[in-house]
1. Within region 114-148, how many residues are among the hydrophobic types (A, V, I, L, M, F, W, C), within 18 Å of THR36 (Cβ to Cβ) and either within 11 Å of the chain's Cα centre (by Cα) or open to solvent by 50 Å² or more (accessible area, probe 1.4 Å) (or both)?
2. Is it true that THR195 is part of a loop (DSSP other than H, G, I, E, B) and open to solvent by 50 Å² or more (accessible area, probe 1.4 Å)?
3. When you go through VAL87, VAL14 one by one, which is the residue that is surrounded by fewer than 22 Cβ atoms within 10 Å (Cβ to Cβ) and either outside any helix (DSSP H, G or I) or in contact with a helix residue (DSSP H, G or I) (Cβ under 8 Å, 6 or more places away or on another chain) (or both)?
Amino acid sequence: MASAFGILVGFVIVFLLGQANDGRTAIGNEATSIGTAFDEAQLFPVGEPMIQHALICYSRAVTEIEWDAMAKHESAPEVDQAYRELVAVYGDIDEPTDGAFQPAAATNSFAQIGGISTARETRLEIASNVVSPLLWGLLAGSAALVLLLLFVVTVHAKPIPQAILLGLASMFTVVLLLLVLTLSSPYGETSAPLTPELIEDNTDRMVALAPEVADEPCSFE
């Protein structure tokens, strides 16, 4: 029984760790795509302020609104709107297209915008995944049964060694269940393995580079 519990909880932890790693990669990719698109905005002199403002608003919406929503396994409509506005900005840009440079620059910038969308979809998919009540019940029931069997096996042992053994086993079991609980909410408000730090740092950089643009209000404010 103990082996079965160990296999079950080990499988759940490995699965959740894999999800957390995918989420960390997605956050890094999203921050990189936002930063690259911001830097490449200078290739569009006419539309540069609009692009930079849209990217800053998107980043703020992600860190200030969607992160709290993801802790509840939801997405934020404000970020959907911010992304649509970002795409619309590129559609409104009217830049000269002489030569091959401008179309190539536009293609690369569009690729970064696509990268933002893909990374966001990944982290939202991870946020929507939850450990089902049935699995929680199986984990908790298995843990209780293992501890009960351990008590039965050691019932004839001396009280102090039995108490030490049961105490250590209980502590280890609780730690494993707490680890599952933490990993099952990777964007949670406390002790979450995934944070918006990379996107926040990138937002701070963009604000420092374009303070006047950053002072303009966003649609969600």
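1. Number satisfying all stated conditions: 1.
2. The answer is yes for THR195.
3. VAL87
One line per residue, one yes/no per condition, for (1) under 30 Å from TRP67 (Cβ atoms); (2) surrounded by fewer than 16 Cβ atoms within 10 Å (Cβ to Cβ):
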| site | (1), (2) |
| --- | --- |
| VAL153 | no, yes |
| ALA163 | no, yes |
| VAL175 | yes, yes |
| LEU178 | yes, yes |
| SER185 | yes, no |
| GLY188 | yes, no |
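The values are calculated or read from the model by the stated rules, or taken from the named source; none is laboratory data. Quick caveat, the model's predicted, so the values are computed rather than measured. For neighbour counting, all protein chains shown are included, and Cβ atoms are generated from backbone atoms with ideal geometry for every residue, glycine included. Accessible surface areas use protein heavy atoms only, side chains included; no ligands, DNA or RNA. Shrake-Rupley method; radii C 1.70, N 1.55, O 1.52, S 1.80 Å.
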